[in-house]
Each structure stands twice: as C-alpha cells, then as structure tokens.
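Below you'll find the structure, written out as structure tokens, and then a few comments.
The values are calculated or read from the model by the stated rules, or taken from the named source; none is laboratory data. As the structure is a prediction and not an experimental result, all values here were calculated from the model. Every residue, glycine among them, receives a Cβ derived from its backbone with ideal geometry; neighbour counts consider all protein chains shown.
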Amino acid sequence: MSSILLKIEEWIVKKEEELAKEGKVDRDSIQKQIDALLLYKVNIKDKCNKEIKDLEYLIDKLHWTKAYAIKCKNFLRAQALIN
C-alpha cells in the first residue's frame, strides 16, 4: 500500500475510532473491514511468496551460469598451458 493510501486509511480509521467511542459505529461494519483487510493481507502474502520463489529460482540459475563460466574459463586456461 502506498504511503498516501496508508495515510488516508489511518485517517478513516481514526475517525471511525472517534465515532465508535461515541457509540455511533456499527460493530458489524468494523468486522467487515477487518475481514477485508485480513483477506487482503493473505493475498499480498501469497503474491509476495510466489515472487520470492521466482527470484530465488532466477538467482540459482545465475549461480549455476556463473559456475559454468568459471569452469569454462579454467578449462580454457588449462588448454592454453598444455598447448
């Protein structure tokens, strides 16, 4: 969530808190907001975990590619010394 959206959400929650202290907010509407945010949290977490797995895969592939490059360079050096 961007910082501007977070600030807006914080302001809304603060206003609802003030209304709740005066008994002017329905408990069920607050629970619906909590449920929606919990679902949003799960979705974000799942998306981030998938992206992390994708990045780990790419990093592993690059490590293997680097190892192949080192192996090839060493092989070519050894060949040059032999010839």
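Quick one: is residue 12 assigned to a helix (DSSP H, G or I) and in contact (Cβ under 8 Å) with a residue 12 or more places away in the chain?
Details: assigned to a helix (DSSP H, G or I): yes; in contact (Cβ under 8 Å) with a residue 12 or more places away in the chain: no.
No, not satisfied.
Between 22, 16, 9, 56, which is charged (D, E, K, R) and at pLDDT 95 or above?
Values: 22 fails: at pLDDT 95 or above; 16 fails: at pLDDT 95 or above; 9 fails: at pLDDT 95 or above.
Matching residue, one of 22, 16, 9, 56: 56.
Residue-by-condition table, conditions (1) surrounded by 10 or more Cβ atoms within 10 Å (Cβ to Cβ); (2) at pLDDT 95 or above; (3) of a type in the set (Gly, Ala, Ser):
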position: 37; (1), (2), (3): yes, no, no
position: 41; (1), (2), (3): yes, no, no
position: 45; (1), (2), (3): yes, yes, no
position: 48; (1), (2), (3): yes, yes, no
position: 60; (1), (2), (3): yes, yes, no
position: 69; (1), (2), (3): yes, no, yes
position: 75; (1), (2), (3): yes, no, no
position: 80; (1), (2), (3): no, no, yes
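Filter segment 8-32 down to the residues that are under 22 Å from the mean Cα position of the chain (by Cα) and surrounded by 11 or more Cβ atoms within 10 Å (Cβ to Cβ), then identify the one that is nearest to residue 48 (Cα to Cα). Walk me through how you get there before you give the answer.
First pass over segment 8-32, keeping only residues under 22 Å from the mean Cα position of the chain (by Cα): 8-10.
If we keep only those that are surrounded by 11 or more Cβ atoms within 10 Å (Cβ to Cβ) too, we end up with 8-9.
Numbers: 8: 24, 9: 22 Å.
Checking each candidate, the answer is 9.
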